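Asks: There's a structure below that I have some questions on.
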Amino acid sequence: MRFSLKLLFWTIIIMAVGFGFSGFYFVNYVFDTSLEREIKQTLDESSILKFAFETAALNIPAKYDVLQDDTIEQIAWNLESGGRDTRRLLRLSDERKSLLYMSDGFKADYNMLLETDQSRKTYRIIEEQGKYYIQTGMSIHALDRVLYLETMKDVSEVFKERALGFSVYRRVTIFMLFFGTVIMHFMSSWLTKPIRLLTRATKRMATGDYDYRAKQISGDELGQLTMDFNKMASALEENINKLEEEIRAREDFVGAFAHELKTPLTAIIGYADMMRSRRLDEKQNFLSANYIYTEGKRLESMSFRLLDIIVTKRGEAELKIVSVSPLFEYLQNMFVTNKTMKFRFDYEEERVQADANLIKTVLINLLDNACKASEPGSFIDVMGYGVEEGYCFAVRDYGIGIPKEEQKKIMKAFYMVDKSRARSKNGAGLGLALCAEILLLHESSLKIQSEPLKGTCMSFILAYGREEEF
């Protein structure tokens with residue numbers, strides 16, 4: 001069952017129970033109030049009749065010492081006749097509670113009379129032939145005689161009013177329930193509309209429409225729920241897009257890796273087959289062997305760098321406090337044999353927190369890329385200096401530069417700005433990807449400043465390695 005129908009159903013049940021109990025209480029309260037008023041009025045009238053009877057008895061000439069039965073009947077008849085407009089019914093009994101006088105239509109039994117004595121008044125409500133009466137009983141003292149007076153008053157109108165009240169209230173309740181059902185139907189539909197919109201949004205997202213958002217139509221808890229759902233949907237869409245990008249990047253990576261393997265392998269197989277299938281002179285034999293060696297070294301370098309990337313992604317660097325001087329001295333000794341470039345080293349002595357071997361790998365790759373991007377005889381600056389955030393390593397070349405739109409892509413594996421130039425210099429596009437992963441372990445990143453035909457400066461910052469003073 002839909003939530004809106006449940007809400008409507010239970011609201012109608014609560015309304016029906018509420019109207020039922022409130023109507024029953026209200027009608028009975030009015031009935032009880034009216035009945036109590038009639039009982040009080042009837043008792044008052046009975047007291048007046050008693051007083052009138054006793055007064056009439058005192059006015060009888062003192063002919064007899066004891067009030068005679070026929071005189072009692074006469075007084076009773078006079079009292080009844082004087083009150084016919086009130087539908088007064090009387091019954092008089094003597095000391096032994098034997099009947100002396102009874103009005104026509106007085107059909108009550110003698111049960112209440114047997115309970116009546118000289119010290120108290122009694123009353124009860126009785127039903128006779130579909131009509132309701134208040135019957136009262138009390139004693140009368142007249143000329144040394146004790147008589148018992150009973151009256152009956154018709155109060156059927158009070159009971160009819162109660163029945164009419166229940167009938168009217170039932171009709172009103174049915175009308176109110178019908179009217180309330182219509183109103184609650186629209187209210188429940190309006191209140192649950194955010195839920196329906198959320199349900200629609202979840203279904204759309206389940207079909208793959210991740211950019212669909214639920215419409216927020218209220219500022220209450222359901223509106224907040226809609227807002228939170230949309231935030232969740234945005235986060236989910238972002239994560240899915242990232243996953244899709246990672247999948248595409250992985251596919252591109254595999255494709256590029258396969259392509260990079262195919263090119264040197266083709267050359268190796270080709271030259272090896274030529275050396276195997278024919279006799280070559282010394283020069284051709286040297287050139288073929290040199291091609292095989294060069295392409296083999298390229299495959300070796302690419303494999304090592306790819307392995308370094310995988311290991312770096314899975315591992316954690318052991319950061320220690322190291323001096324920067326051995327790092328720069330290592331670079332100077334390594335590239336001193338490179339006579340085609342002019343290296344300028346300028347650095348300040350300092351200590352940093354780093355894994356020395358990993359940082360050497362980063363600097364070697366940056367210098368290697370700078371050499372590949374520069375023409376023979378160009379200058380390459382290797383710098384180290386302190387900044388506010390830490391110690392900055394920088395490598396600047398004055399070569400071909402990198403276009404601005406390519407700068408965000410060059411740290412992806414196998415991405416090369418100029419593929420023909422990179423391959424001619426045994427490049428595979430893995431160096432900067434490895435640098436990015438290593439610097440990530442050092443909580444740093446590679447910054448690139450470059451302009452086409454003006455050169456490139458690549459730098460990164462490491463935290464200082466100063467020991468705490470106690």
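The values are calculated or read from the model by the stated rules, or taken from the named source; none is laboratory data. Only a predicted model underlies this, so the values are computations on that prediction, with no experimental measurement involved. For neighbour counting, all protein chains shown are included, and Cβ atoms are generated from backbone atoms with ideal geometry for every residue, glycine included. SASA here: full protein model, heavy atoms, side chains in, ligands and nucleic acids out. Shrake-Rupley method; radii C 1.70, N 1.55, O 1.52, S 1.80 Å.
Asks: In the full protein assembly as shown, how much of F175 is accessible to a 1.4 Å probe, in Å² to the nearest 10?
Replies: Probe radius 1.4 Å; accessible area of F175 about 120 Å².
Asks: With every protein chain left in place, what is the accessible area of H442 in Å² (1.4 Å probe, nearest 10)?
Replies: 20 Å²
Asks: How much length, in nm to one decimal, is gained on full extension between L440 and D144, taken as 0.36 nm per residue of separation minus their Cα-Cα distance?
Replies: Fully extending the segment from L440 to D144 adds 94.2 nm.
Asks: Say a paramagnetic label sat at a point 7 Å from the Cα of V387, along Cα to Cβ; which residues of segment 432-466 have their backbone N under 11 Å from it?
Replies: Zone members listed by number: 445-449, 458-462.
Asks: So if we plug the beta-carbon distance of R248 and I12 into 1/(1 + (r/R0)^6) with R0 = 56 Å, what FRET efficiency do we get, rounded to 0.05?
Replies: The calculated FRET efficiency here is 0.50.
Asks: Could you give the nm distance between label points at E157 and L191, where each point is 7 Å from its Cα heading toward the beta carbon?
Replies: That separation, rounded to one decimal, is 4.6 nm.
Asks: How high is the relative contact order of segment 69-158, in percent, with contacts defined as C-alpha pairs under 8 Å that are six or more residues apart? Display every interim value, and only then the final one.
Replies: Numbers: 152 pairs, mean separation 24.0, N = 90.
Taking the mean separation of contacting Cα pairs over the length of segment 69-158, I get 27 percent.
Asks: First obtain the Kirkwood hydrodynamic radius of segment 118-193 from its Cα pairs, then insert it into the Stokes-Einstein equation at 10 °C and 1.306 mPa s, and state the resulting D in µm² per second as a whole number. Working shown, then result.
Replies: Working: Rh = 17.1 Å.
Here the translational diffusion coefficient equals 93 µm²/s.
Asks: Ranked highest first by the average count of other Cβ atoms within 10 Å around their residues, in what order do 449-456, 382-389, 146-153, 355-362 fall?
Replies: Averaged packing, sorted descending, gives the order 146-153, 355-362, 449-456, 382-389.
Asks: In whole angstrom, how far apart do the alpha carbon centroids of segment 137-177 and segment 355-385 sit?
Replies: Here the answer is 114 Å between Cα centres.
Asks: Go ahead and run the numbers for FRET between E237 and E349, Cβ-Cβ distance against an R0 of 51 Å, rounding to 0.05.
Replies: E between E237 and E349, to the nearest 0.05, is 0.50.
Asks: For segment 1-142, what class follows from the C-alpha gyration tensor (a ≥ b ≥ c being the square roots of its eigenvalues): rounded when a/c is under 1.5, otherwise prolate if a/b is larger than b/c, else oblate?
Replies: Verdict is prolate for segment 1-142.
Asks: Still on this structure, I have one more. Given R₀ = 41 Å, FRET efficiency for K342-M275 by Cβ-Cβ distance, to 0.05?
Replies: For R0 = 41 Å, the calculated efficiency reads 0.60.
Asks: Figure the gain on full extension for N285 and I183 (residue separation times 0.36 nm, minus the Cα-Cα span) and round it to one decimal in nm.
Replies: Fully extending the segment from N285 to I183 adds 27.0 nm.
Asks: Provide the solvent-accessible area of F379, counting protein heavy atoms only and rolling a 1.4 Å probe, rounded to the nearest 10 Å².
Replies: Approximately 80 Å² for this residue.
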